[in-house]
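Here is the structure we will look at.
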Amino acid sequence: MVKNIVITGDTITGKTLIALGIAAKLRTAGKEVGYFKPVGTKSFDHSTIDHDADEDAVVMKSVLELKSEVSCICPIIRTKSSYDEFLRAGHDKLLDQIMTCYTKLSSGKDIMLIEGTKAPWHLLHVGLSTAQIATKLEASVICLVNFPDITAIDDILLQREFFKSYGVEEITVVLNLVPPMLKGTIHNHIREFIEENGMHYGGAIYQNRELFSPSVREILRALDGQIITGEDHIDSVIVDQFMVGSMAPENALKWFRRAKHKAVITSGDRSDICLAAMETDTNLLILTGGMGPDIRTVSRAKELGIPIIMTAHDTYTTGQIVDNLVATVTPENKEKIALVERIIGEALNLSHLGI
């Protein structure tokens with residue numbers, strides 16, 4: 001009988017990275033592993049696919065060499081207007097789509113990895129939240145919780161209450177994006193706290209810039225932008241943090257020196273800010289408002305090897321989009337996939353799930 005494992009978490013927690021790490025361990029152990037994402041979102045771009053497709057489904061199809069179509073691996077694509085669409089379709093029709101694809105995908109598999117929606121409570125309005133789907137599939141649940149500081153223990157309890165309210169009993173907590181300074185606290189206190197509250201502790205994934213910092217390509221796609229210069233560095237350059245440059249020129253250098261490996265977001269007509277940013281440890285310029293750089297900015301960027309992206313979004317919107325951007329993987333990036341499989345695989349302890 002196939003074992004179902006639902007991987008869930010709030011928005012931008014790296015559920016697909018966890019799925020990749022688990023799948024690698026299982027395949028090494030000789031298990032037949034399937035992947036299913038009942039509800040996804042439209043990818044930024046996939047020129048090889050002539051229909052709406054979810055990015056994670058595309059990646060997992062490639063990595064796991066799944067034979068099924070992407071449209072079955074992720075049968076329901078959510079758009080901004082999907083709230084009304086889902087209500088019109090109704091619970092029964094949507095559930096039928098989900099179960100038809102699940103049945104096809106799970107045939108011959110030992111374990112099915114099922115990725116939840118961006119947040120576990122999404123689709124509650126049609127009775128198809130991640131918790132409700134987990135109950136329907138009698139699945140064990142892995143809750144991925146971002147743990148920047150101790151206050152995140154409340155997030156752990158919130159996840160537990162939500163899933164238990166729908167009858168899910170086997171809940172494993174994996175802590176994510178944990179600052180290395182909390183390693184002792186996690187080992188000595190938080191692990192015990194999780195187990196005392198009726199959950200399994202599945203491990204902690206500590207902050208790792210190679211794993212989580214987005215590349216220029218990922219930022220470009222998220223902003224639906226245009227690369228002006230530095231295309232040769234689009235995959236090799238990663239960004240650790242973002243800074244908005246909107247200050248007076250005389251204050252810019254002092255401000256920009258506060259951060260390393262950063263991207264600076266500013267209006268395309270602020271050449272003074274661009275030039276000041278490039279005098280500090282800057283990995284990327286993001287120019288907003290659809291305005292391109294002047295010749296001095298382009299010349300200096302080429303000299304220093306700093307990529308420049310232009311986006312039609314305003315500075316505020318751009319900041320909102322990139323603020324919680326976490327690195328992803330693409331089927332073509334074999335090195336990144338191998339890195340994910342190694343780091344995630346070493347961090348997880350899921351022996352209670354047979355992994």
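The numbers here are math on the coordinates, done by the rules we state, and not lab data. Note that the structure is a prediction, hence the values are computed from the model and not measured. Reconstructed Cβ throughout: ideal geometry from the backbone, glycine too, with neighbour counts over all protein chains shown.
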So what's the stretch 159-292 giving for Cα Rg divided by 2.2 N^0.38 Å, two decimals?
-> 1.46
Taking amide hydrogens as modeled 1.01 Å from N in the peptide plane, which residues meet the under 5 Å criterion relative to Lys3, leaving out close sequence neighbours?
-> Ile111, Met112
State, to one decimal in nm², a quarter of the convex hull surface area for the C-alpha atoms of the stretch 37-178, i.e. the direction-averaged projected area.
-> 9.6
Assigned charges on the beta-carbon of Lys, Arg, Asp, Glu; the chain dipole about Cα centre (debye) | 340
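How many times 2.2 N^0.38 Å is the alpha carbon radius of gyration of the stretch 215-323?
On the way: Rg = 12.0 Å, N = 109, 2.2 N^0.38 = 13.1 Å.
Normalised Rg, Cα atoms only: 0.92.
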Dimensionless Rg over Rh [the chain; C-alpha; Kirkwood] = 1.00
How would you rank Asp10, Asp269, Asp54, going from fewest to most other Cβ atoms within 10 Å of each one's own Cβ?
-> Asp269, Asp10, Asp54
Once phi is turned into ³J(HN,Hα) by the Karplus curve 6.51 cos²θ - 1.76 cosθ + 1.60 with θ = phi - 60°, what whole-Hz value does each residue of the stretch 152-161 show in order, with x for glycine and proline?
-> 5, 4, 5, 5, 4, 5, 4, 4, 4, 4
So the FRET efficiency between Leu87 and Thr317, C-beta based with R0 = 41 Å and rounded to 0.05, is 0.90
Here the residues of the stretch 203-230 lying in the modelled label zone of Arg342, meaning backbone nitrogen under 16 Å from a point 7 Å along Cα-to-Cβ, are 206, 208-212
Beta bridge orientation in the stretch 1-150: antiparallel %, DSSP, nearest 5 | 0
Running Debye on the stretch 132-230 with equal point scatterers at the Cα sites and no solvent, what base-10 log of I(q)/I(0) appears at q = 0.13 Å⁻¹?
-> -0.58
Answer with one residue from Thr318, Asn251, Val298: the one whose Cα lies farthest towards the positive end of the charge dipole of the stretch 215-323, charges on Cβ with Lys, Arg +1 and Asp, Glu -1.
-> Asn251
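Given a cut-off of 25 Å, name the pairs among Lys260/Lys302; Lys37/Lys334; Lys67/Lys336; Lys136/Lys336; Lys104/Lys336; Lys31/Lys183 whose C-alpha atoms lie farther apart than that in the structure shown.
Numbers: Lys260/Lys302 19 Å; Lys37/Lys334 22 Å; Lys67/Lys336 23 Å; Lys136/Lys336 34 Å; Lys104/Lys336 30 Å; Lys31/Lys183 32 Å.
Those over the limit are Lys136/Lys336; Lys104/Lys336; Lys31/Lys183.
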Phi-based couplings in Hz for the stretch 17-26 (Karplus 6.51, -1.76, 1.60; Gly and Pro marked x) | 4, 5, 4, 4, x, 5, 4, 4, 5, 5
